[in-house]
Structures are given as structure tokens and as C-alpha cells.
Protein chains: 2
Amino acid sequence: MMFVARVDVRLRPGIADPEGATIARALPALGFDDVREMQVGRCFRFEIDAADEATARQRARDLAQRLLANPVIEQSELELTALGPAGDRP
Amino acid sequence: MMFVARVDVRLRPGIADPEGATIARALPALGFDDVREMQVGRCFRFEIDAADEATARQRARDLAQRLLANPVIEQSELELTALGPAGDRP
């Protein structure tokens, strides 16, 4: 079965996020004074071929923790959606 | 009311994604030959203060389209969650 995984990698709470802070500081002058707590992260989407959902979840989590996030300063969040049998898509 | 918005910005289909392609090319050698179609984007999380959900959604979408994404090459996706009245949180 094919699954679509979305891994959302962001800084752990307490780790400085200069990019988010810069955007947050600029927003009031740009007309968005109702926005706060801006945080910027990376988002990875990929397809994974696995026998079942538990295996796909385990593989995607392994990939996220070993290669996509730096576990010292980042945390990752995984969302998994079944796509159907491999080769089912155009 | 406060709302938490998550804006996921990624390249439009057909726009070259060299970062995703580089990761995808490296994965088989790193033991992940079951992964394909890797795509990398940015993810913004922020809080927004609005009278109701429709307003919050409109404001967050404006912000995403005007400032967070480049509409020529990127598309954005918004998820909104109600957090409760302003000042409700520690």
C-alpha cells in the first residue's frame, strides 16, 4: 500500500527562532497586529510504500527522526494518509 | 477569540524542487528505498485574535497569500483551530 506522509519539523519550545521573531516583529507595521507567536518550520511530504499503516508510520517516523529533524533542537510531527495500493495513482 | 493557524507553504506542482529531489536521491543509499516523491516546504504556525472563525480564517489566508507564500511559484494550505478567548492561556 502507498501512504502519503507529512512531517512537520519545528524548533523545540525554548529554542530561539530568529526567523519567526523577525516576521512577528514586522507584522504590525504590515497591518497584521492581530497575529502573534509566529513560528517557522519545515514541512516534508513524501510517499511511502509499506505493507500496512503501522509499518508505514514506523518507517516515516524513523526517517523523520534520523534524517529530517535534528532531535537536539527540533521536534517532528507525523501525519499519515493511506493512498491505496502501489501503482494505483496516475 | 484566539485561534491557532498552521500555514503550510509548498511549491506548486511542476515547479522544480531541488531540495526535495536531492533528499529523494540520497534516501535509497541511506536505507529508505520505500520512500518517493519527497517535497520540501515551509510551515508557519501563529496565533490570531479574531471575533469569529470566519474572520480568523480570512485574516490568516490574507497573511499567507500576501506575506508568507510567493503565489507565483508556491501554494499555501491553512488549518485553523480555536484556542479560546484571548488571554485564556498562560
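A few points about this structure:
- Centroid-to-centroid separation of region B:1-32 and region A:57-73 [C-alpha atoms, Å]: 14 Å
- Projected area, mean over directions - the protein assembly as shown, Cα convex hull, nm²: 11.8 nm²
- Label 7 Å beyond Cα on the Cβ vector: A:Val4 copy-to-copy distances, nm: 2.3
- Take the Kirkwood radius over Cα pairs of region A:2-84, plug it into Stokes-Einstein at 37 °C and 0.692 mPa s, and you get 228 µm²/s for translational diffusion.
- Taking the axis that rotates chain A onto chain B, the chain A residue nearest to it by Cβ, with the distance rounded to whole Å, is A:Cys43, 2.
- At q = 0.27, 0.28, 0.29 Å⁻¹, base-10 log of I(q)/I(0) for region B:3-48 (Debye sum, equal scatterers on each alpha carbon): -0.93, -0.96, -0.99
- Each copy carries a label point for A:Ala21 at 7 Å from Cα toward Cβ; from one copy, the others' points are 3.6 nm away, ordered from shortest.
- 7 Å along Cα→Cβ, label-point gaps from A:Arg61 to other copies, nm, shortest first: 3.6
Read-outs: derived from the displayed coordinates by stated rules, not from any lab. On a predicted model such as this, the values are computed, not experimentally measured, just so you know. FYI the Cβ positions are ideal-geometry reconstructions off the backbone, even for glycines, and counts take in every protein chain you see.
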